[in-house]
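First the structure, in the form of structure tokens, and then the observations on it.
Nothing in this text is a laboratory measurement; each read-out follows from the coordinates by a stated rule. All values derive from a computational prediction rather than experimental measurement. No Cβ is skipped: glycine too gets one built from the backbone with ideal geometry, and neighbour counts run over all protein chains shown.
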Amino acid sequence: MNTSFFELFKIGIGPSSSHTVGPMRAALSFVRELERRNVFGSRITVDLYGSLALTGIGHGTDRAILMGLLQESPDTVDLNAIDDKLNILREEHTLNLFGTHTVVFDPANDLRFHRNQMYPDPDHATHPNGMRFALLDDDGNNLFAQVYYSVGGGFVLTAAEFAGAGSGEKRDVPYAFCNAAELLQLGDDHQLSIAQIVFANEIALLGDPAVARRVDRILSPLRPGNATALKQSKPEDQIRAAILAIWRVMSDCIERGIRTEGTLPGGLNVRRRAPGLARRLERLDGEGKTRDPLAPLDSVTLVAMAVNEENAAGGRVVTAPTNGAAGVVPAIAYYYLHHASSDATSEQREQGLLNYFLTAAAIGILYKENASISGAEVGCQGEVGVACSMAAGGLVAALGGDNSAVEHAAEIAMEHNLGMTCDPIGGLVQIPCIERNGMGAVKAVNAARLAINDPGIHKVSLDQVIDTMYRTGMDMQSRYKETSLAGLALNIIEC
Ligand code: SF4
């Protein structure tokens, strides 16, 4: 295991982790690299390839690149200031780097979309989400260039890191695992739950400066006194507080999604449906009638859709494991708190929530490290499919199920998402994405219940289904992988 909980669950902005959060982080990283190398020129150019070029406009890649070049980060950018900053850049065509240097960047000419081409790397394998940033001198000569790949879930690798299939050295954790079988073995050997294993690893990962910085940034928005006290507290208290802070960002997103009426941006004229669905559920409750026994499932669908409507509107969301699939994991956390833990004390409920997220993280990390969480690489099975698998396993853990039942639930959930393609209409993360999160969340509840109600040996392991998902993704024609060249995107006329 080389990925931290806090790298999988990242605070960012919509609508896409691979096409918005990743490119913004890449652009910011490029500018910081210029500063680190102390190299300055007169113009910056950016080239986008493959899926980023084909669906980049609908996914906000252009805006994200510009904001990254303006040295904004997805987790801290002021969402209300984005339009003003972009308008100024589009008018003035200049970037001020570090307050000392000015370079030309004309978005209309210097941000280029290569729609028929993957990034042509002659030395290494390439990826569908390639970007090349270059700094030029007055005569247009290259002073420094960097290629990045946005590999899903907001993770970004340079071409060299991608060729080495990772971002550096293996990290030191007390319970290292490479696959689900090793994870289960660790649990047996040490008599630990999956959540306890991940928690212990996260405490160790706090010693990694990159992870410590992330946790620090997550804790910072807490009330000043509390945040300072927390940063000086025991590592286990920091980890707990940071996980709960992530859940608060998700909860705020649910609230905004349920409250906000209107039409989503992008031109498809998709109406936000979460507020109306919420009103209907409340009305049925308020009339004092016998509740529809399936109302809890309706609320799961509604919460998942609320999050993804916020995501589609470019709001503040948490990757889980991606933006496009960001609704499933919060919806099942909500389900656990509101419909599946009524007998628990508030302390038990909080521990159940922590177990849920820690276990879901372990499952998400297995997919990220052994397969892919990028729709452009393996289709939607790698996004909503993975989110469904994470949420199913996490729910079993929250309800007190053992490691074997967690593994079984995660396997069932993915088994019935295998082959799911990615074909968003108009390149927007709206249709089928928003409803698909609702369906994925309901499927996660089903998978968890099946695993709990039918314990024992099962035929297909989680490792086998992860491998099958990846191979299926590799066999899938590229036009079904976040290109908007097939499927619903081809057959539905935009209006
Ligand atoms: S179809 Fe799935 S993978 Fe594709 S953009 Fe939508 S949520 Fe993401």
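The angle separating the long axis of helix 235-259 from the principal Cα axis of greatest extent in the chain is about 80 degrees. Is the C-alpha gyration tensor of segment 1-108 telling us rounded, prolate or oblate? Criteria: a/c under 1.5 is rounded; beyond that, a/b larger than b/c is prolate, otherwise oblate. Note, shape of segment 1-108 comes out prolate. Computed from Cα atoms, the angle from the helix 180-190 axis to the main principal axis of the chain rounds to 50 degrees. A straight line joining the Cα centroids of segment 197-253 and segment 395-445 runs 27 Å. Projecting the Cα atoms of Phe98, Tyr49, Leu69 onto the dipole axis of segment 35-122, where Lys and Arg carry +1 and Asp and Glu carry -1 at the beta carbon, places Tyr49 farthest toward the positive end. Classified by the C-alpha gyration tensor, segment 252-340 has an oblate form. Its axis ratio a/c, with a ≥ b ≥ c, is 1.5 or above, and a/b does not exceed b/c. Net length available on complete extension from Ser42 to Asn142 is 35.0 nm, with 0.36 nm assigned per residue and the Cα-Cα distance removed. Cβ crowding within 10 Å ranks Met24, Met474 as Met474, Met24, fewest other Cβ atoms first.
Each peptide in 267-273, 202-208, 186-192 was scored by the mean count of other Cβ atoms within 10 Å over its residues; highest first, the order is 202-208, 267-273, 186-192. Restricting attention to the chain, close to 80% of DSSP beta bridges with both partner residues there are antiparallel. Packing around the peptides 430-443, 131-144, taken as the average count of other Cβ atoms within 10 Å per residue, puts them in this order, highest first: 430-443, 131-144.
On C-alpha positions alone, give me the angle between the axis of helix 346-370 and the longest principal axis of the chain, in degrees, nearest 10. On a 0 to 90 degree scale, this one is about 50.
Could you list log10 I(q)/I(0) for the chain at q = 0.11, 0.13 Å⁻¹, which the Debye formula gives when each Cα is one point scatterer? Each listed q corresponds, in turn, to -0.89, -1.25.
Look at Tyr119, Tyr335 and count the other Cβ atoms within 10 Å of each Cβ; fewest to most, that gives Tyr119, Tyr335. If R0 is taken as 22 Å, the Cβ-Cβ distance between Glu236 and Lys170 corresponds to a FRET efficiency of 0.40. Taking 11 Å as the cut-off, the amide N atoms of segment 75-93 that come nearer than this to a point 7 Å along the Cα-to-beta-carbon line of Thr102 belong to 92-93. A protection proxy built from the mean count of other Cβ atoms within 10 Å ranks the segments 414-425, 479-490, 370-381, most packed first, as 370-381, 414-425, 479-490. Placing unit charges on each Cβ (+1 for Lys and Arg, -1 for Asp and Glu) gives segment 180-491 a dipole about its Cα centre, and among Val215, Pro455, Ala204 the Cα reaching farthest toward its positive end belongs to Val215.
If I take every Cα pair under 8 Å that is 6 or more residues apart in segment 222-286, average their sequence separation and divide by the length, what percent do I get for the relative contact order? Relative contact order comes out at 18 percent.
Our note on the geometry: Cα centres of segment 292-342 and segment 1-65, 26 Å apart. Per residue, the average separation of C-alpha pairs within less than 8 Å and at least 6 apart gives the chain a relative contact order of 18 percent. Give the calculated FRET efficiency between Asp83 and Glu33 to the nearest 0.05, with a Förster radius of 25 Å applied to their Cβ-Cβ distance. The value I calculate is 0.35.
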